[in-house]
Amino acid sequence: MYKDAMEKFKAFGIDTEKAISTLSSVPVSIHCWQADDVMGFEKNRGALSGGIQTTGDYPGRARNFEEMKEDLDYALSLIPGKKRINIHASYKTSDSTHDRNELDAEDFRLWIEYARARNLALDFNPTFFSHPMVKDNLTLSSPVEEVRRFWIEHGKRCRKIASVFAKELGSYSVCNLWIPDGYKEIPADRIGPRKRLKESLDEIYSEPLEGVIDAVESKVFGIGLESFTVGSNEFYLSYASRHKGVYQLLDNGHYHPTEMVSEKISALLTFFDKLPLHVTRPVRWDSDHVVRLDDEIIEIAKEIVRCNALERVLIALDYFDASVNRIAAWVVGVRSTQKALLLALLEPSKELKEAEEKADWTKMLALSEEVKMLPYSDVWEEYLKREGLESGFSWYESIMEYEKNVLSKRV
Ligand code: RNT
Ligand code: ZN
């Protein structure tokens, strides 16, 4: 089947062998927070806050680091390709009494060991939510000096932790900053909080740190924060463009529903050497549904490939669905992202670009519709085989077994 497929693609000038080997080398950063509904390991953990929400009560969430490791290992065994792990500061593994403004790399020692033993790299995120020092839904932009100081210190410490990850694991570490700061009601003062946020960021990013790729994640609104978001797209884009080494992170759930991240990628790549991404599936709002192979994820993947930017765009997943088996949520989301990348790698992009340059819209239309029915699934199956994974739907049966033997016992 694959040989046959290979010939069919070749007829359009598409090299399936190259697509498979490229796909297996593209790292996808897997978010630990899908396993436990973004709850984290802190002792005095509060409810999830900050305008993000998990919905559903599917049994079997990971309640501690042991269960998280068990689930991650199992999920990783069903996911092909190159993987990284993305963790949040709320997932510290030590039993130190350190609050968020006191964290150091030793609080994450077990994560470092976990990653090293599996030859994985770690990405990191300061956690500016689900904590009593979030006052009136504000952190780095708060008018209260004490609140700001607490969170500035948290941000600084998290960057240092990321630099230790980078050094000890021999790969860069993306340190992504997202804050929930915003108002439910129409503000009387929009510029005050934004100026304070800028000053806080200036302190956090004052020291260059080796191995750390600093990212700032913008947003349009959160639940309960519908009228104003301090860290908006324009805010962070301007910030990143004026601070070497700080990049804007695009989360495709953080824009108005008709505004497409796929359309923004080339614009940012014109000015920045790197572009961190959060891949999610917004349904009407930033709902963080599990990534499916839908039009927008395919277009995002195609843009990355068309821009020849697989090494510059840093792909991370960011969704959290508590209404389905959480391992399946991981596996489906990563595989869907990789399927999109495969479709992108199998696009006859050279021919399409040539036709476009000649304004040959007829050929573009005809060619892009013709290739839609090529046997992509045979190439996907071959990819799985080379990654040492079974083809077909057996992974689902396996997850159901795991649910029966492991997850359902977590009561
Ligand atoms: C929230 C942002 C942010 C979080 C994670 C948990 O809207 O997308 O990236 O989802 O950090
Ligand atoms: Zn995000």
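Please list, by residue number, every one of the chymotrypsin sites (Phe, Trp or Tyr not before Pro) in segment 3-98 that is coil in DSSP and has at most 15 other beta-carbon atoms within 10 Å. Could you put the intermediate results ahead of the total?
Working: sites: Phe9, Phe12, Trp33, Phe41, Phe65, Tyr74, Tyr91; in loops: Phe12, Phe41.
Qualifying residues, ordered by number: Phe12.
Kirkwood radius, segment 269-411, all distinct C-alpha pairs, inverse of mean reciprocal distance: 17.5 Å.
For the chain, what is the mean residue ellipticity at 222 nm derived from helices alone (per DSSP H run of n ≥ 4: -39500 (n - 2.57); sum divided by total residues; nearest 500 deg cm²/dmol)? Don't skip to the end; give the middle numbers.
Numbers: 14 runs with 175 residues, N = 411.
Helix contribution divided over all residues of the chain: -13500 deg cm²/dmol.
Rounded to the nearest whole Hz, the Karplus-based 3J(HN,Hα) values (6.51 cos²θ - 1.76 cosθ + 1.60, θ = phi - 60°) of segment 41-56 follow the sequence 10, 5, 5, 9, 4, x, 5, 4, 10, x, x, 9, 9, 9, 10, x, with x at glycine and proline. Reported to the nearest whole Å, the Cα centre-to-centre distance from segment 319-370 to segment 57-87 is 26.
Beyond 29 Å between alpha-carbons counts as too far, so tell me which of Lys18/Lys167; Lys167/Lys385; Lys302/Lys363; Lys69/Lys339; Lys135/Lys198; Lys135/Lys160 fall in that bin.
Listed pairs above 29 Å: Lys18/Lys167; Lys167/Lys385.
Residue-wise HN-Hα couplings along segment 366-380, as the Karplus relation 6.51 cos²θ - 1.76 cosθ + 1.60 with θ = phi - 60° gives them from phi, are 5, 5, 5, 7, 4, 6, 4, 9, 5, x, 4, 5, 5, 6, 4 Hz; Gly and Pro carry x. Amide H contacts for Val279 (H built 1.01 Å from N in the peptide plane; partners 5 or more residues away or on another chain; cut-off under 5 Å): Ala316, Leu317, Asp318.
Note down the Stokes-Einstein diffusion coefficient of the chain in µm²/s, whole number, using a Kirkwood radius over alpha carbon pairs, 20 °C, and 1.002 mPa s. The Stokes-Einstein estimate is 97 µm²/s. Here's how it looks for Asn86: its modeled amide H is under 5 Å from those of Ile30, His31, Cys32, Asp123, which are all 5 or more places away or on a different chain.
For segment 310-319, putting each phi into the Karplus relation 6.51 cos²θ - 1.76 cosθ + 1.60 with θ = phi - 60° gives couplings of 4, 8, 9, 8, 9, 8, 10, 9, 8, 8 Hz, in residue order, rounded to whole numbers and with x for Gly and Pro.
Readers should treat all values here as calculations from the given coordinates under stated rules, not as data from a laboratory. Given the structure is predicted, the values throughout are model-derived calculations rather than measurements. Reconstructed Cβ throughout: ideal geometry from the backbone, glycine too, with neighbour counts over all protein chains shown.
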